[in-house]
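Heads up, the thing below is written out as structure tokens.
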Number of protein chains: 4
Amino acid sequence: MEAALRALAGDEDVAALFSDAAALRACVEAEAALVRAQGAAGAAPVAEADEIARAIEGFRPDPARIAQGFARDGVPIPALVADLKASLGPSRGRRVHVGATSQDIVDTALTLRLRKVAEIVAARLRAVDDALAALAARDGATPLMAHTRMRRALPFTAADRIAGWRRPLALHLARLEEIAPRAFVVQLGGPVGAPAKGGAVGDAVRAEFARLLGLGDAPPWQDARDRVGEFAGWLALVCGTLGKFGQDVALMAQDEIGVARPARGGGSSSMPHKVNPVEAETLVALARWASALAGAVGQAMVHENERSGAAWTLEWLALPPLCEAAAASGRLAARLASSLSLRPDAAAAAAKEGTA
Amino acid sequence: MEAALRALAGDEDVAALFSDAAALRACVEAEAALVRAQGAAGAAPVAEADEIARAIEGFRPDPARIAQGFARDGVPIPALVADLKASLGPSRGRRVHVGATSQDIVDTALTLRLRKVAEIVAARLRAVDDALAALAARDGATPLMAHTRMRRALPFTAADRIAGWRRPLALHLARLEEIAPRAFVVQLGGPVGAPAKGGAVGDAVRAEFARLLGLGDAPPWQDARDRVGEFAGWLALVCGTLGKFGQDVALMAQDEIGVARPARGGGSSSMPHKVNPVEAETLVALARWASALAGAVGQAMVHENERSGAAWTLEWLALPPLCEAAAASGRLAARLASSLSLRPDAAAAAAKEGTA
Amino acid sequence: MEAALRALAGDEDVAALFSDAAALRACVEAEAALVRAQGAAGAAPVAEADEIARAIEGFRPDPARIAQGFARDGVPIPALVADLKASLGPSRGRRVHVGATSQDIVDTALTLRLRKVAEIVAARLRAVDDALAALAARDGATPLMAHTRMRRALPFTAADRIAGWRRPLALHLARLEEIAPRAFVVQLGGPVGAPAKGGAVGDAVRAEFARLLGLGDAPPWQDARDRVGEFAGWLALVCGTLGKFGQDVALMAQDEIGVARPARGGGSSSMPHKVNPVEAETLVALARWASALAGAVGQAMVHENERSGAAWTLEWLALPPLCEAAAASGRLAARLASSLSLRPDAAAAAAKEGTA
Amino acid sequence: MEAALRALAGDEDVAALFSDAAALRACVEAEAALVRAQGAAGAAPVAEADEIARAIEGFRPDPARIAQGFARDGVPIPALVADLKASLGPSRGRRVHVGATSQDIVDTALTLRLRKVAEIVAARLRAVDDALAALAARDGATPLMAHTRMRRALPFTAADRIAGWRRPLALHLARLEEIAPRAFVVQLGGPVGAPAKGGAVGDAVRAEFARLLGLGDAPPWQDARDRVGEFAGWLALVCGTLGKFGQDVALMAQDEIGVARPARGGGSSSMPHKVNPVEAETLVALARWASALAGAVGQAMVHENERSGAAWTLEWLALPPLCEAAAASGRLAARLASSLSLRPDAAAAAAKEGTA
């Protein structure tokens, strides 16, 4: 996403996690943890492993070379490992990437960042909830007209409507608690995902690898993408809830209803009198966008054999914008909830007219 | 889905749950439980409520009249309630549908059936897992060639590959345990989803309503569709896992690989020598289909106001085929896993050739 | 789709085209044309070919047996051809299905029905356009308030808005004219889609086959699904346009705007005062549904090798509901356009209020 | 998309068209053409209009300020026009953006770039076709085994298979010829899309505007997104065809089949013997990705009222990656087709084994 559109509908924090630099940093972090884990698990001398791990952590890959390798190999790791080994020299280099394959590093490095995405999105969901709680405390008594099937239904209050917006937020946070132990786990399966085959590391190394990275331990999942798909589904679910909030605000902000006026809003190049509910509309766009992206991740679950270049590449295309959509939705929704006024005067007038 | 295609890619058990007759039965069951709950909660005389509930349970709606009402009202309940009241007479009729609106009945009746879908799919996942366990016990020692990115990678065993197929199954069953308390709950919110507004029933009636139907109790969620979306996501995730299994088998069944020959298979109208891996291919088709359908449910999360006719109708279109896809995937995968042979002879030959 | 939901959001005419009976009739029609074409092209004695073709046309397949065969073979044709040959006897039977494979019959039989779908949808688009022209002639002078980004923008007239609804309709009809020669062509490629390989018929037979069925002639496309995908895209485009019309009417029908009141509308089971814009909402649902279904057809374009059971089955799942969605959208939009009143009184009041 | 992933699955040429700088350049180009058109159409003094247009063409907007405005207004134009007017001074500034609204500039500037995308993709389709023609000329006589439903079917030749890959390419180019006059047209409708309302320009200015920009002339389509949707559908169709080519090559490149070995291929970080069919796999990923993105554009067709901020933003999110996917598919497919060898030796061996 380019900078201008990102300013509206993207998120700098998540974009930074998926930058070339951050992706390489996470891969380097995983390679370092792998060496250190071999020391901790007794598969290599501890002191040597730690020394090499520190050297790896200090390694600064050349992004242009890695991009070339990515285009050639379909994955950035062969080029990265070659450069890393070259920088360490043959003696230390032979301890690098032992028992691992490209996917172990890429999937683990991805997971490190998905976990941060989850933290960002969760924090924003809590901010949305806090802002809505404050809104309910201040404007909750405002009489509103409930609408069903696009028609006036019966009077209720702002508190009723806000309660409806808030309920799914707590459920989303509860879902994340359940998903996290499945989603945020290391991948370490060696060339074909079968432990102890083809030089794959043992369970002890994998457990240390997980502990060092602060991720959960799990058997290889390189070709079973339900962990990724479940988290993608959660992100889209979050966007859906926030898109519903945005849709409601956009409808309430209609001049003819006039119940909610966004404090902030977009100007028009031809109609100076207009204040557009830009945040609310963008939430709707992001919900639909996230659903389409989650669908692409869903298609990537048909991951053939022990590793599918096609399905895996499809994830790479869809996951970053999906993460960004969820974080952007959270940021926009928190800002919208904070700035929203459910004005008693307009609302009362609208409600009165409706029951007349 | 018509009968012939259903024989291949559908499921009679789930289709029966979404038949007109079953949909009406579930609505009638919900209406009866609502009356009985009012008795149990002290909102109506117990004996009278029970008697009316029994009468409701004996009511047989006229499907053609309901369909007409559906086309007119966009929802089947106004016609159903009118006919039900007419059949009960005015005295008993005034106890019917008290505090409820169409969506309460339709969503609760849907949930009653989604819970049964979950039971069907879970049972089939267990059957797939059992069949794969038996396959591993019998053929697990067979040497196979692992494949990554469509190329031979390294030798491993049938047990390794089967373990990869099985791991997500246990996770799916664990997910369902977590999802169930959120997904299988009554909806009872009255006209605008706000308890105690517009004649909505109190919490005690709702709790009894839930208890009588064997569903969980929850505040109104008529316009917060994350509960539905989460379950739809689970169904698609299940189909994705089974589609990956099907894709692998279809690849293993290639003549040039010849590792897995489906015991059953489809004949050709022009090439008598062919045995096609029909079950495996259908699993792939269903995984992609389920992902598209879950995407439609995702779009329906932008559910405007207190009730969106547009978003709700979209769910009705997408959920039944999605449930059917998951059940069909489970049935086909269990059958495929049971009939599959990972033949030591062919596999050994293939593995040997690859390492030569 | 079950009967009750079909009454709202489906279409009996298109559903009839995709019934088991109609599917088999179309397959039988194709088999008969194939025999007759061999006579006409000099590949079989004319009189014998015509006599056999008439016998085929009189053949009544047993749907239950075909469904069994479908489930076994992944395609209905092997069972159909076997039964057909048995009914004709060996001497006449050897002229049946010559040079053809299952896909030739299934794809050609599908195309015969897609062409009818196109005719149905086109007729309804013309009906929508006629109804909107009449609406413009009657209510076009009504002053309305244009809305952009959910806010009042500037006054315009009903004629302006109706012109916006109508413009894409003519474009859709023009698109269909261009698509038809690509989309409505016979498939006849024999076992592997290569003419003159494996007993495939020659060009002359295929040209006669096309002529007899009233379809275009084209080289085999059994594994190149752009013809199907293009038509699916057109159907979704049509639904999108009509969904926009529905969305606009639903917004105009809001009580607070009150510009458009649907003459017909749905009743509520709990709020007798409500008239819901059911047709308009259903159009929105169908547009989103059609887009999801077209996406499934898009996924089916990755059609591996000379025939993909997986990709082909995915088309079978998605195309019938997509066709039904487009026809239902056309029917609902025509009815909505015919019944719509852009009332000068309400509109004037709304416009006045907005410019005050 | 970040740089490393773009090196594999993206396209620099199309990415450049959607950069912030290129987007602003296209907007400035449209603003200049609008002033010049007013001169040419007699709505402003010609010499003054031309002088102002040249000044506009020399204007260099500040991307950071525009991005801020984008985030605030939901659209970049108010900030751009304000800065542009400030740079021109009040006398010349009053000629700027006359009769136009933000969407006129954004949609026209988008169209200018979509047309270039079409040219890029069309050129690559022709390159794919040329490379496949050369491949057929060189290797066409190679006997191959056709595969249906993942099984060996009958022998045919490389020429047969290549002919199947090529057929849709010519159709795609023919489709583009038909689509272009609908898709590549100016948008100029003023604030609410109704000519001559709210200060909109007359038909003569719009015709000149179109002529100056080399686009077609058309009545306003700001809220009728079928033109955009049709082009998006074409891009996805192209990707589908090329994804099928990639899928076939990936299957043919399997060691056990060995018919096609990509000249280039990706290396593995753990298995030095492997050469992965990275281009072929990426084509499959891009086809599925494009289908998901086209689905998002499809959802954006439900474009409410005279301008939908939600639907329009959704297009902005989905269109650039969709264009990039199509261009990348074309580039990868041309490279793959050029480097592909359908080796007579391997193919003959495979075919012989199959018919034994």
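Quick notes on this one:
- Answer residue from the range D:236-272, given it is among the β-branched types (Val, Ile, Thr) and modelled with pLDDT of 90 or more and is nearest to D:Trp165 (Cα to Cα) among those: D:Thr241
- Note on the range C:285-298: among residues that are at the interface with chain D (Cβ under 9 Å from one of its Cβ atoms) and open to solvent by less than 10 Å² (accessible area, probe 1.4 Å), the one that is nearest to C:Gly330 (Cα to Cα) is C:Ala287.
- Criterion (open to solvent by 10 Å² or more (accessible area, probe 1.4 Å), out of contact with any Asp or Glu (no Cβ under 7 Å at 6 or more places or on another chain) and within 11 Å of chain C (Cβ to nearest Cβ)) met by exactly one of D:Gly233, D:Gly243: D:Gly233
- Pairs, first within 7 Å of D:Gly246 (Cα to Cα) in the range D:272-284, second open to solvent by less than 10 Å² (accessible area, probe 1.4 Å) and in a strand (DSSP E or B), C-beta under 9 Å, six or more apart: D:Ala280/D:Ala260; D:Glu281/D:Gly266
- Only listed residue being out of contact with any Gly (no Cβ under 6 Å at 6 or more places or on another chain) and within 14 Å of another protein chain (Cβ to nearest Cβ), chosen from A:Gly69, A:Gly58, A:Gly42: A:Gly69
- Verdict on B:Arg175 being out of contact with any Cys (no Cβ under 7 Å at 6 or more places or on another chain) and either closer than 23 Å to A:Ala311 by Cβ or in a loop (DSSP other than H, G, I, E, B) (or both): yes
- Of all residues in the range A:228-251, those satisfying the criterion of being more than 20 Å from A:Arg115 (Cα to Cα) and charged (D, E, K, R) are A:Lys244, A:Asp248.
- A:Val259 closer than 25 Å to D:Pro78 by Cα and surrounded by 24 or more Cβ atoms within 10 Å (Cβ to Cβ): no
- Options B:Arg138, B:Arg151: the member that is touching an Asp or Glu at 6+ places or on another chain (Cβ under 8 Å), farther than 23 Å from A:Ala183 by Cβ, open to solvent by 10 Å² or more (accessible area, probe 1.4 Å) and of a type in the set (D, E, K, R): B:Arg151
- Scan of the range B:145-179 for residues that are within 10 Å of another protein chain (Cβ to nearest Cβ), in contact (Cβ under 8 Å) with a residue 60 or more places away in the chain and in contact with a Ser or Thr (Cβ under 9 Å, 6 or more places away or on another chain), ordered by number: B:Met145, B:Arg152, B:Pro155, B:Trp165, B:Pro168, B:Leu169, B:His172
- Residue count for the range A:180-190 satisfying the condition of being in a helix (DSSP H, G or I) and within 9 Å of chain B (Cβ to nearest Cβ): 1.
- Among the residues of the range D:142-158, those identified as closer than 23 Å to B:Val275 by Cα and assigned to a loop (DSSP other than H, G, I, E, B) are D:Arg149, D:Met150.
- Among the residues making up the range B:266-284, those that are more than 7 Å from chain C (Cβ to nearest Cβ) and among the aliphatic types (A, V, I, L, M) are B:Val275, B:Ala280, B:Leu283.
- Summed over the range A:158-192, residues that are open to solvent by less than 30 Å² (accessible area, probe 1.4 Å) and of a type in the set (Lys, Arg) total 3.
- Residue satisfying condition, being within 30 Å of A:Ala30 (Cβ to Cβ), modelled with pLDDT of 95 or more and not in a loop (DSSP other than H, G, I, E, B), within set A:Arg167, A:Arg124, A:Arg161: A:Arg124
- Residue in the range D:246-261 that is nearest to the chain's Cα centre (by Cα), counting only those that are more than 8 Å from chain B (Cβ to nearest Cβ) and in a helix (DSSP H, G or I): D:Gly246
- Extreme residue, nearest to C:Pro191 (Cα to Cα), among residues of the range C:79-119 that are hydrophobic (A, V, I, L, M, F, W, C) and open to solvent by 40 Å² or more (accessible area, probe 1.4 Å): C:Val98
- For B:Gly216, the criteria (1) over 25 Å from B:Ala292 (Cβ atoms); (2) over 22 Å from the mean Cα position of the chain (by Cα); (3) touching a residue at least 12 places away in the same chain (Cβ under 8 Å); (4) surrounded by fewer than 24 Cβ atoms within 10 Å (Cβ to Cβ) hold in every case but one, which is (2).
The values are calculated or read from the model by the stated rules, or taken from the named source; none is laboratory data. These numbers come from a predicted model, not from an experiment. No Cβ is skipped: glycine too gets one built from the backbone with ideal geometry, and neighbour counts run over all protein chains shown. Each accessible area value is taken on the protein alone, full model and side chains, heavy atoms only, with ligands, DNA and RNA left out. Shrake-Rupley method; radii C 1.70, N 1.55, O 1.52, S 1.80 Å.
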